[in-house]
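Heads up: the structure comes next, in structure tokens.
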Amino acid sequence: MVAAGRSREERWSLAGATALVTGGSKGIGHAIVEELAGFGARVHTCSRNAAELEACRRRWEEKGLAVTVSICDVSVPAERESLVATVEATFGGKLDILVNNAGQSLFKTAVECTGEDSARVMATNLESCFHLSQLAHPLLLLAGGGGSVVHISSIAGFIGLPALAVYSMTKGAMNQLTRSLAAEWARDGIRVNCVAPGGVRTDISSDKTIDPELVKKEMARLPMGRIAEPEEVASMVAFLCMPAASYMTGQVIYVDGGRTIT
């Protein structure tokens, strides 16, 4: 999917592409599914919550979006393997886009975190990202030099925030995984990039366990004075998957209203 030689319409389209987006039933993942499908991609997504997933599937069907779904807890290796097998069967063995979006937050001070806490978040956020990328690699190869992987990280992987030590570890590691895979897979024609949002209006951002004083301080440091809408993150993901971004790889892009410059 190199941009050179393509028309403007082709460079800014995902028509005919196939995509797997994890955690697509709500929040950023939901917005990414709709954005990719809206640009013409066939999308498969997953969630642990069967009822939420089915409700989304019905809405997408009503909107005329080409989206299929399956239940998957990405923290479980066997379920990750089953997910990719389903995607392979659904798309005839070829995958153009993988978006590792599914994640879990943990708002606890470092001394309060248990081994179970850290193991759960590491498995969901980081191990799933690495393993799904491994599993998807053979399918992305069949994209003919146009495969694209996008990880959803966070500004917490770049700046220091209290009560987010374990979560921040997973996101910082995800940023470095992006660079390493990009260097390794460029020869395969697979691009790997990362989108790192700041505060986003999702279920996580409204979590009542978050210290309201921390939220107040963070808002005061935002040059744009507001948190993002999920669609504002999804649009960057879609761009990175398009032929228009064919020379971009190994990048961690902050979609944060300017938070990382303050």
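Rundown of residues vs (1) closer than 20 Å to Leu140 by Cα; (2) touching a residue at least 40 places away in the same chain (Cβ under 8 Å); (3) out of contact with any Leu (no Cβ under 8 Å at 6 or more places or on another chain), yes/no style:
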{"residue": "Ala163", "(1), (2), (3)": "no, yes, no"}
{"residue": "Val166", "(1), (2), (3)": "no, yes, no"}
{"residue": "Gln176", "(1), (2), (3)": "no, no, yes"}
{"residue": "Ala196", "(1), (2), (3)": "no, yes, yes"}
{"residue": "Glu213", "(1), (2), (3)": "no, no, yes"}
{"residue": "Ile253", "(1), (2), (3)": "no, yes, no"}
{"residue": "Thr262", "(1), (2), (3)": "no, yes, no"}
Can you find even one residue in the range 113-120 that is at pLDDT below 95, in contact with a helix residue (DSSP H, G or I) (Cβ under 8 Å, 6 or more places away or on another chain) and either among the hydrophobic types (A, V, I, L, M, F, W, C) or on the phi > 0 side of the Ramachandran plot (or both)? no
Is there a residue in the range 231-252 that is open to solvent by 30 Å² or more (accessible area, probe 1.4 Å), touching a helix residue (DSSP H, G or I) at 6+ places or on another chain (Cβ under 7 Å) and of a type in the set (Val, Ile, Thr)? yes
Which is without any contact (Cβ under 8 Å) to a residue 40 or more places away in the chain and open to solvent by less than 40 Å² (accessible area, probe 1.4 Å), of Ser7, Ser70? Ser70
For the range 123-142: of the residues being of a type in the set (A, V, I, L, M, F, W, C) and in contact with a Leu (Cβ under 7 Å, 6 or more places away or on another chain), which is surrounded by the fewest Cβ atoms within 10 Å (Cβ to Cβ)? Phe130
Qualifying position, being open to solvent by 30 Å² or more (accessible area, probe 1.4 Å) and over 20 Å from Gly23 (Cα atoms), among Leu214, Leu222, Leu164: Leu214
Are any residues in the range 10-30 buried (at least 24 other Cβ atoms within 10 Å of the Cβ) and under 13 Å from the mean Cα position of the chain (by Cα), and if so, which ones? Ala19, Leu20, Val21, Thr22, Gly23, Gly24, Ile28, Gly29, His30
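The values are calculated or read from the model by the stated rules, or taken from the named source; none is laboratory data. Nothing here was measured: the structure is a model prediction, and the numbers come from that model. Positions of Cβ are generated from backbone atoms using ideal geometry, with glycine treated the same way; all protein chains shown enter the neighbour counts. Just so you know, the surface numbers come from the protein's heavy atoms only, side chains and all, with ligands and any DNA or RNA stripped out. Shrake-Rupley method; radii C 1.70, N 1.55, O 1.52, S 1.80 Å.
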